[in-house]
1. Tell me, please, whether a residue that is assigned to a helix (DSSP H, G or I), at pLDDT below 90 and in contact with a Leu (Cβ under 8 Å, 6 or more places away or on another chain) can be found in the stretch A:33-44.
2. Being out of contact with any strand residue (DSSP E or B) (no Cβ under 6 Å at 6 or more places or on another chain) and crowded, with 19+ Cβ neighbours inside 10 Å is the filter; apply it to the stretch B:130-147 and report the residue that is nearest to the other protein chains (Cβ to nearest Cβ).
3. Under 8 Å between Cβ atoms, which residue pairs at least 6 apart in sequence (or on different chains) link something in the stretch A:302-322 that is within 19 Å of residue B:146 (Cβ to Cβ) and more than 10 Å from chain B (Cβ to nearest Cβ) with a partner that is polar (S, T, N, Q) and outside any loop (DSSP other than H, G, I, E, B)?
4. Any residue at all in the stretch A:161-172 that is more than 17 Å from residue A:246 (Cβ to Cβ), assigned to a helix (DSSP H, G or I) and not assigned by TED's automatic domain parsing to the domain that holds residue A:401?
5. For residue B:101, all conditions in the list (1) within 11 Å of chain A (Cβ to nearest Cβ); (2) surrounded by fewer than 22 Cβ atoms within 10 Å (Cβ to Cβ) hold save one; what is the number of the exception?
6. Here are some residues: A:535, A:492, A:507, A:520. Which one is among the aliphatic types (A, V, I, L, M), more than 13 Å from chain B (Cβ to nearest Cβ) and out of contact with any Phe, Trp or Tyr (no Cβ under 6 Å at 6 or more places or on another chain)?
7. Could you go through the stretch B:116-133 and let me know if any residue there is without any contact (Cβ under 8 Å) to a residue 12 or more places away in the chain and not hydrophobic (A, V, I, L, M, F, W, C).
Amino acid sequence: MPRLQSLEDLEARRAACVGARDPAKPCLALCAGSGCTASGAPEVLAALRESLERAGLEGAVELKSTGCHGFCEKGPVMLTWPEGTFYNQVAARDAKEIVASVSNGRRPVERLLYRDPTSGERVQREEDVPFYRFQQRVLFGNNGRIDPKNIDDYLGVGGYAALGKALTGSTPEQVVDWVKRAGLRGRGGAGFPTGKKWEVMRAQPATPKYLICNADEGDPGAFMDRSLLEGNPHSVIEGMIIGAFALGAREGYIYVRAEYPLAVEHFRVALAQAEECGLLGESILGSGLDFRIRLVQGAGAFVCGEETALIASIEGHVGEPLPRPPFPAQKGLWGKPTVINNVKTWASVPVIVNRGPEWYAAIGTTGSKGTMVFSLVGKINNTGLVEVPMGITLREMIYKIGGGIPNGRALKAVQIGGPSGGCIPASLIDLPIDYEALTEAGSMMGSGGMVVMDETNCMVDVARYFMEFLEEESCGKCFPCRKGTQRMREILTRISQGQGAEDDLKLLEDLGWMVRETSLCGLGQTAPNPVLTTLRYFRDEYLAHVRERRCPAKVCKQLITYSIEPTLCDGCHACVHVCTTEAILGEKKAAHTIDAAKCIKCGACLEVCQPKAVLVT
Amino acid sequence: MPKLTINGIEVEVERGTTVLEAARFLGLPIPTLCHDDGLTPYGACRLCLVEVTNGPRSKLQAACTLPADDGLVVQTHSARVERARQLLLELYVATTPQSKTIQDLASRYGVTRVRLTPEFEDCIQCGKCVRICREQMMAGAIGFAYRGNRRKVMAPFRPQSDICRQCGACMYICPVCELRCHGAEAETTLCSGCLNFAPACLDYHDHAMCFLDPCVACELAGPLRQDLVWPAVKPPESPK
């Protein structure tokens, strides 16, 4: 691969990439993201390849494994180009039929098309699927089109054009100004204005300057950064090179969790390709800009997502945060000015340069611009990755894109912003999703985790779960976070076991307030959010636990009992077979009973009982 | 030279001074557990928190690590600071009730009731020993191991380090193990009557009650106790 020496070389290479590809040539783009891989994409890929070979179509049809398309619930998913037909829940046995449809007049395989759950109709094109229709996929749009391991694919969809534009047609000050005017805010969670951070860093006289891409995504249930690195690593690299140009950095780091092997692999490949093409290294595109990126793997500490702890970890120290100020932009990696941004923030930079800051700033609300990526999980029909303009309401998110709550249950709360986000109650469903509105409601934007909960979730239990996670992940450096999270978890456990007192609620509020106000870093300062928001919005549920020793959602095991309603029980024995502790007694065809002393309240009998005779009280 | 306002008093300090040093220069008492003049500021005990106002927003920040910058407006004993310190000290007493230093601090801040079960931990992880070993003794024989709740000070991998000269600096500087209250049962003592006659009785937990019978402090008349509590602090307010 020859090194690209100038912008002309880049455009010539792009033209060659586009020219080499016949737009009418059929292409099967199978999602090979982590979600679809788990639901069987590798087998489907092998079967498709085999079917193509058998049909003698290897040359005529392109087969591509791409990054995450987002609709993980229906995985493995695939797209066929050029029509853009969207197939979901594809299995290896469907390969032959798909290949046949490609060769004979392109009639789509009807049964693999997405079926609208309300109308029951099949939808052929991806953009007509409700899950995608209401999204605005600025960062993730190319995930379904390109092979992340092939730089030519990225060039073919206009990749590195923003870099060319920045390097040849603008000054570093202009690029910073664009980012500022676009209103881009840090996508890692705190929402600090990126342009302002860049300006502070630029103003520092010290050299060298460093860039860091924070890919230490650790929230349970969040996989946005992971999917972007797996599916479109070059967009992040391009953003960082533009950043290097704007900020005068010669060296960049990306800090990825070691738990993301596929992201690490794809990013490594992308780095090697970019270096080979001369997009990283010395005098990029003949501009005189030197920039290299090193990949550092994190060892799995949640707190290393905090910027100062992350920097300490890169330097080889224990991942513990340092007090700010000085901020990393003033004194960061190796004591030098460092800009540290999230994966999505870096990936937004080429978009802003390409489309212009005005275009970007037109998306979203007054204070929050652009799109935000959420991983929509929990009690929701359409689990997956969702990219929406800022300011969309929770209602649109859950019912239009998410397809509502399964089994016709009622929405209870949405937990936004990862473990240290807050629970927004169903009554605030028309809340617009932007930085300010969420903070006001006691939650936060966070990095984009969105866990939907229905009436079968106990809010005390939810708070206890998140506190357990945060206690485990607290680094332990500052006292309030180390002991405060532990004490709050102990109190919540006590309440969920029916041993709580009403005074405990006040104690929780006091501790929560104190931990939030006094902790050293963002982890501790946000750790009490799940407790404080559930206390604020679901106090009744806490009171039921402490006053009546009752769990209204029937989750807390110490507060519930399983019994069998004799008039409903048909004596089918199904529950007897699944009970692991032999707690269910009774003859066949006669009403059964549960021995409370033996019952471990696992709920297995409840699931198998056809006449719904098992009662939880 | 940066000029800042502390409790309404304008003060000009040398560049590189911390807010804690500036406040102490003014004679304002700010409690600390992890700070020592000869050691790098660490910011872990959080007791030196002050309220820093910046435009419409104000925030609690650790004074020991906060550089005294031009135009800072600092409150060292605002209601918010006092409440945070009281709650912190309540948690400190619950963690290390046997420490006289902590008892005295709690007492000084009017913490009279501890609502959490006492744990009797020996170490508050202020990191003074780790820092004095590395920075003053040039040894670096001990450090922190593990994370969160399980974090502790130890020599790497082994109980005894090769480079430890057994100089005792770590013991000398420890703020919690020095000077335990010598009562009948030192480990469970929570009476700080010997300091100022305002004990932090753990009326919530029977097994951690003040051991003195009759309690010297409790036997004293109310007004006297009030006079000796310093500084006078109001009970915590409810959160808004």
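The values are calculated or read from the model by the stated rules, or taken from the named source; none is laboratory data. Since the structure is predicted, the reported quantities are computational estimates derived from the model, not experimental observations. Ideal geometry is used to build each Cβ from the backbone, glycine not excepted, and the neighbour counts take in all protein chains shown.
1. Yes, some residue in the stretch A:33-44 is assigned to a helix (DSSP H, G or I), at pLDDT below 90 and in contact with a Leu (Cβ under 8 Å, 6 or more places away or on another chain).
2. Looking at the filtered set, the residue picked out is B:147.
3. A:304/A:313
4. Narrowing the stretch A:161-172 to residues more than 17 Å from residue A:246 (Cβ to Cβ): none.
Looking for residues that are more than 17 Å from residue A:246 (Cβ to Cβ), assigned to a helix (DSSP H, G or I) and not assigned by TED's automatic domain parsing to the domain that holds residue A:401, one finds none in the stretch A:161-172, hence no.
5. Every listed condition holds for residue B:101 apart from (1).
6. Values: A:535 fails: more than 13 Å from chain B (Cβ to nearest Cβ); A:507 fails: more than 13 Å from chain B (Cβ to nearest Cβ); A:520 fails: more than 13 Å from chain B (Cβ to nearest Cβ).
Of the residues listed, the single one that is among the aliphatic types (A, V, I, L, M), more than 13 Å from chain B (Cβ to nearest Cβ) and out of contact with any Phe, Trp or Tyr (no Cβ under 6 Å at 6 or more places or on another chain) is A:492.
7. Filtering the stretch B:116-133 for residues without any contact (Cβ under 8 Å) to a residue 12 or more places away in the chain gives none.
The answer is no, given that none of the residues of the stretch B:116-133 is without any contact (Cβ under 8 Å) to a residue 12 or more places away in the chain and not hydrophobic (A, V, I, L, M, F, W, C).
Yes or no, residue by residue, for (1) in contact with a helix residue (DSSP H, G or I) (Cβ under 6 Å, 6 or more places away or on another chain); (2) hydrophobic (A, V, I, L, M, F, W, C); (3) assigned to a helix (DSSP H, G or I); (4) on the phi > 0 side of the Ramachandran plot:
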{"residue": "B:28", "(1), (2), (3), (4)": "no, yes, no, no"}
{"residue": "B:35", "(1), (2), (3), (4)": "no, no, no, no"}
{"residue": "B:41", "(1), (2), (3), (4)": "no, no, no, no"}
{"residue": "B:71", "(1), (2), (3), (4)": "no, no, no, yes"}
{"residue": "B:86", "(1), (2), (3), (4)": "no, no, yes, no"}
{"residue": "B:97", "(1), (2), (3), (4)": "no, no, no, no"}
